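Contents: one structure, followed by commentary.
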Amino acid sequence: MRLAAELAVAEINRAGGVRGRRLELVVRDDSALPEVAVAAARALYADSRVIAVIGHLTSAATLAAAPVYGGGRWPLAVISPSASAPAVTDAGPHVFRVCPTDVAHGTALAAFASRRLRARSAAILYQNDEYGRGIRGTFAEEFIRLGGRLASDDPYVTDLPSFEPFLRRLQQRGGADVLLIAGTATSARRILPTLDTVGIRPQVLGGDALAGLETTRGADGVVTSTAYLPDRPGERNQAFVAAYHAAYGAQPLDHRGAAAYDIVYLLARAIDAAGPNRRRLRDYLAGVGTASPAFEGVTGRIAFDPQGDVPTKTVVLGVLRNGLVVMAEDR
């Protein structure tokens with residue numbers, strides 16, 4: 001997110017900035033923890049130079065910080081590139097996001113498992129937070145609707161000592177055709193070798209929080225849902241990918257960076273139209289796609305509905321192969 005946002009700011013400033021003024025990023029790390037996100041939001045809110053926020057990355061952090069941004073006399077608009085939990089829809093009139101929701105991710109993964117993989121049974125390991133519960137819920141509902149059954153369905157916390165008890169129990173139950181990891185790449189890096197230890201190897205699926213797993217040994221073949229892949233067609237995206245790699249070399253690029261890049265350019269357009277004023281900026285954003293034209297970004301078209309979502313955004317399915325994520329249709 002930070003690297004792609006910095007790239008967009010550099011490009012805009014080289015072109016003359018916005019209204020003749022340079023853009024500047026004020027960066028805070030929320031550590032993906034709600035309590036840290038609240039502190040970061042308070043610091044940004046109190047900084048009179050800050051006129052909008054790009055973030056937060058996770059749903060839990062976004063939801064925790066939302067009341068801070070939406071409160072007081074000078075509320076701040078916040079646009080998340082990747083907070084996909086359904087609850088973000090109701091986080092308030094100052095909260096926007098440019099990614100699909102967990103409904104789209106879970107549904108797409110379940111359809112792929114059932115129709116493409118012909119899976120009849122599924123096991124789920126889900127991180128017990130807004131994101132994990134969201135992916136788990138929509139996947140389970142759709143997979144069962146399509147005629148599948150759940151062999152196991154277990155929540156976990158990030159400091160869980162070992163995943164082996166969950167997977168041993170799954171083995172004793174006869175295993176499953178697919179395993180959904182509704183959590184982060186950090187968890188998946190622990191789960192994948194444990195599958196080998198236990199001696200089962202279902203097809204592993206996961207949502208967009210598995211970004212970064214592609215460089216992990218043993219991750220080849222994992223299927224993930226995401227809002228964006230770098231090989232997305234279109235001249236604008238190709239130019240972005242080329243500029244990103246020219247600036248950062250082999251640094252991985254995923255949906256979070258691409259969406260942050262789009263958000264910077266969207267905010268530049270909004271500032272140019274409405275001025276560097278928090279209230280007017282929020283009102284302009286609310287009208288993108290209705291009162292003003294939709295924004296055509298590298299991740300696709302952005303047009304906000306009354307809740308600040310982009311309901312037309314869809315997910316794509318990728319498969320991890322040789323350190324890259326490629327379209328799952330090419331498996």
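Numbers below:
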| read-out | value |
| --- | --- |
| Scope segment 189-205; condition surrounded by 15 or more Cβ atoms within 10 Å (Cβ to Cβ) and either closer than 18 Å to G175 by Cα or not assigned by TED's automatic domain parsing to the domain that holds A113 (or both); matching residues | I191, L192, T194, L195, V198, I200, P202, Q203, V204, L205 |
| Top-ranked residue of segment 1-38 - restricted to ones that are free of Cβ contacts under 8 Å to residues at least 60 places away in the same chain and in contact with an Asp or Glu (Cβ under 8 Å, 6 or more places away or on another chain), ranked as nearest to A273 (Cα to Cα) | L25 |
| The listed residue being closer than 26 Å to A104 by Cβ, hydrophobic (A, V, I, L, M, F, W, C) and not in a strand (DSSP E or B), out of L253, L317 | L253 |
| Hits in segment 106-125 (condition: part of a strand (DSSP E or B) and buried (at least 21 other Cβ atoms within 10 Å of the Cβ)) | A122, A123, I124, L125 |
| Selection from segment 42-99 of residues that are under 15 Å from L267 (Cβ atoms), assigned to a loop (DSSP other than H, G, I, E, B) and over 20 Å from the mean Cα position of the chain (by Cα) | R49, V50, I51, L76 |
| Whichever residue in segment 221-236 is in a loop (DSSP other than H, G, I, E, B) and under 16 Å from the mean Cα position of the chain (by Cα) and, among such residues, is farthest from G206 (Cα to Cα) | P230 |
| Subset of segment 212-267 that is of a type in the set (S, T, N, Q) and touching a residue at least 40 places away in the same chain (Cβ under 8 Å) - its residue that is surrounded by the most Cβ atoms within 10 Å (Cβ to Cβ) | T224 |
| Filter pass, A91 being modelled with pLDDT of 95 or more, of a type in the set (A, V, I, L, M, F, W, C), farther than 28 Å from I51 by Cα and out of contact with any Cys (no Cβ under 6 Å at 6 or more places or on another chain) | no |
| Selection from segment 277-314 of residues that are touching a strand residue (DSSP E or B) at 6+ places or on another chain (Cβ under 8 Å), under 28 Å from L109 (Cβ atoms) and without any contact (Cβ under 8 Å) to a residue 40 or more places away in the chain | G289, A294, F295, R301, A303, T312 |
| Conditions (1) buried (at least 20 other Cβ atoms within 10 Å of the Cβ); (2) in a helix (DSSP H, G or I); number of the one not met by D272 | (1) |
| Residue within segment 235-251 that is under 17 Å from I79 (Cα atoms) and of a type in the set (D, E, K, R) present | no |
| Residue within segment 169-182 that is under 22 Å from K313 (Cβ atoms) and within 26 Å of the chain's Cα centre (by Cα) present | yes |
| Verdict on A60 being surrounded by fewer than 24 Cβ atoms within 10 Å (Cβ to Cβ) and closer than 22 Å to T299 by Cβ | no |
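The values are calculated or read from the model by the stated rules, or taken from the named source; none is laboratory data. Worth saying up front: this structure is predicted, and the values here are computed from it rather than measured. So basically every Cβ, Gly included, is an ideal-geometry build from the backbone, and we count neighbours across all protein chains shown.
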